[in-house]
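Engineer: Right, I'll just put the structure down here and ask away after.
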Amino acid sequence: MSAIEHLDAPFSRRLSPIKRADVHESERYLLARRLRGMGSSFFWATQLLPVARREATYRIYAFCRELEDIVDGEAASSVKHSLFAEWRNEIASLYAGEPRHALTRGLSDAVRLYGLRSDDFVAVINGREMDLPSGIRAPTLTELDLYCERVAAAPARLTMRIFGEETSMGEQVAAELGRALHLTIILRDLRKAAERQRLYLPRELLYANGILTTIPDWALAQPALADVCRDLALIAEGHYAAAAQAIAACPRTTMRPVAVILGIYRALLHELLARGWKDLVSPVRISSWRKLSLVFRHGSTGR
């Protein structure tokens, strides 16, 4: 049994002999399990999509979660590398018309209907593998940009195609918004990353502000941490501005959920800037009523 098949073992054991209805039930069960961690921001934005496109978007999210869970799991680094290699093989099998895993079986229709590209799936796998063996620690700005390109811009390109925007301007939206969102998540989750021995703050910004250590807990304890975070937030804000400009050049009908995601996460970045980074334990969130207002504001205008 391959590593990928082992991940799906609880389902495959129930499917002997396999019937198509059972396969669909396995896919639905696995998808539901992977979507449990979906953030409400993403959920609200997808409610603006037609059902078929919404479900395809959920499957992209579930695929990304599967890879993230490999990184965060307790397996040895060598096993994780093997799992990522299996996933690259699984994507090749998907595009050969012979997917084995429930998640990739569920992606088959989306690949066909929306012209999803295999390179983007492989990029996400390669990006998550960058967190091995012991996690990213103070990458260069170039390394951080490559990481964001793979784990954030590549999924954004997949979802942009599902939304119906396949133009070069849509690619620009994915590139800019993917980076903006992931930098915001990095700034929100500094403590969570440090608990896994990761430090995504770029070393150029750390060194420029007098922080010379790359040990996560030590770096987060430095008085100049807030200055580093503000510098990175300015980079994120630049990506938000570029994404908003690209969104304005695309059709409103396809950009409604994208505009909602941008509005909510940009508001989160501003909340982080307002609160600062002295308290890394208490979560920073956008209230439900404010998210709903942002959904109405951006979802109705596409801007």
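Engineer: Can R230 be described as farther than 17 Å from L201 by Cα and either at pLDDT 90 or above or in the same structural domain as C148 (by TED's automatic domain parsing) (or both)? Before the answer, list the steps.
Structural biologist: On the way: farther than 17 Å from L201 by Cα: no; either at pLDDT 90 or above or in the same structural domain as C148 (by TED's automatic domain parsing) (or both): yes.
So R230 does not fit the description; no.
Engineer: If a residue has to be of a type in the set (S, T, Y) and either surrounded by fewer than 17 Cβ atoms within 10 Å (Cβ to Cβ) or touching a His at 6+ places or on another chain (Cβ under 6 Å) (or both) to count, how many in the stretch 228-256 make the cut? Steps first, please.
Structural biologist: Here is the first cut: in the stretch 228-256, the ones of a type in the set (S, T, Y) are 240, 253-254.
From what is left, the residues that are either surrounded by fewer than 17 Cβ atoms within 10 Å (Cβ to Cβ) or touching a His at 6+ places or on another chain (Cβ under 6 Å) (or both) are 253.
The qualifying residues number 1.
Engineer: Can you confirm whether the stretch 92-99 contains a residue that is surrounded by 15 or more Cβ atoms within 10 Å (Cβ to Cβ) and in a loop (DSSP other than H, G, I, E, B)?
Structural biologist: yes
Engineer: Within the stretch 107-144, track down each residue that is within 30 Å of L212 (Cα to Cα) and part of a helix (DSSP H, G or I). Working first, answer last.
Structural biologist: As a first pass, look at the stretch 107-144 and keep what is within 30 Å of L212 (Cα to Cα): 126-144.
Of everything in the stretch 107-144, those that are within 30 Å of L212 (Cα to Cα) and part of a helix (DSSP H, G or I) turn out to be N126, G127, R128, E129, L141, T142, E143, L144.
Engineer: Is it the case that E165 is among the acidic types (D, E) and in contact (Cβ under 8 Å) with a residue 24 or more places away in the chain? Don't jump to the end; show me each part of the working.
Structural biologist: Numbers: among the acidic types (D, E): yes; in contact (Cβ under 8 Å) with a residue 24 or more places away in the chain: yes.
Yes: the conditions hold for E165.
Engineer: Which ones in the stretch 227-282 are among the charged types (D, E, K, R), in contact with a helix residue (DSSP H, G or I) (Cβ under 6 Å, 6 or more places away or on another chain) and under 21 Å from A156 (Cα atoms)?
Structural biologist: Within the stretch 227-282, the first condition is being among the charged types (D, E, K, R), and the residues that meet it are 227, 230-231, 237, 252, 256, 266, 271, 275, 278-279.
Restricting the remaining residues to those that are in contact with a helix residue (DSSP H, G or I) (Cβ under 6 Å, 6 or more places away or on another chain) gives 231, 256, 266.
Passing the criteria: R256, R266.
Engineer: Is the stretch 280-291 home to any residue that is surrounded by 13 or more Cβ atoms within 10 Å (Cβ to Cβ), at pLDDT below 95 and not in a loop (DSSP other than H, G, I, E, B)?
Structural biologist: From the stretch 280-291, those surrounded by 13 or more Cβ atoms within 10 Å (Cβ to Cβ) are 280, 284-286, 290-291; that's our starting set.
Remaining after also requiring at pLDDT below 95: 280, 284-286, 290-291.
Keeping just the survivors that are not in a loop (DSSP other than H, G, I, E, B) gives 290-291.
Yes, the stretch 280-291 has at least one match.
Engineer: Looking only at the stretch 74-94, decide whether some residue is at pLDDT below 95, under 30 Å from Y207 (Cα atoms) and not assigned by TED's automatic domain parsing to the domain that holds L183.
Structural biologist: Yes, that holds for at least one residue.
Engineer: Test Y200 against the stated conditions and say whether it is of a type in the set (F, W, Y) and touching a strand residue (DSSP E or B) at 6+ places or on another chain (Cβ under 9 Å).
Structural biologist: Details: of a type in the set (F, W, Y): yes; touching a strand residue (DSSP E or B) at 6+ places or on another chain (Cβ under 9 Å): yes.
Against the criterion (of a type in the set (F, W, Y) and touching a strand residue (DSSP E or B) at 6+ places or on another chain (Cβ under 9 Å)), Y200 qualifies.
Engineer: Within the stretch 61-70, can one find any residue that is farther than 25 Å from F163 by Cα and not assigned by TED's automatic domain parsing to the domain that holds V228? Reasoning before the result, please.
Structural biologist: Of the residues in the stretch 61-70, the ones farther than 25 Å from F163 by Cα are 69-70.
The next check asks that each one be not assigned by TED's automatic domain parsing to the domain that holds V228; those that pass are 69-70.
Among the residues of the stretch 61-70, at least one is farther than 25 Å from F163 by Cα and not assigned by TED's automatic domain parsing to the domain that holds V228, which makes the answer yes.
Engineer: Kindly provide the set of residues from the stretch 192-246 that are under 15 Å from H182 (Cα atoms) and among the aromatic types (F, W, Y), ordered by number.
Structural biologist: Y200, Y240
Engineer: Before we move on, is Q222 part of a loop (DSSP other than H, G, I, E, B), at pLDDT 95 or above and surrounded by fewer than 19 Cβ atoms within 10 Å (Cβ to Cβ)? Steps first, please.
Structural biologist: Values: part of a loop (DSSP other than H, G, I, E, B): yes; at pLDDT 95 or above: yes; surrounded by fewer than 19 Cβ atoms within 10 Å (Cβ to Cβ): yes.
Answer is yes for this residue.
The values are calculated or read from the model by the stated rules, or taken from the named source; none is laboratory data. Owing to the predicted nature of the structure, the values given are computational and were not obtained by experimental measurement. Positions of Cβ are backbone-derived with ideal geometry, glycine not excepted, and every protein chain shown enters the neighbour counts.
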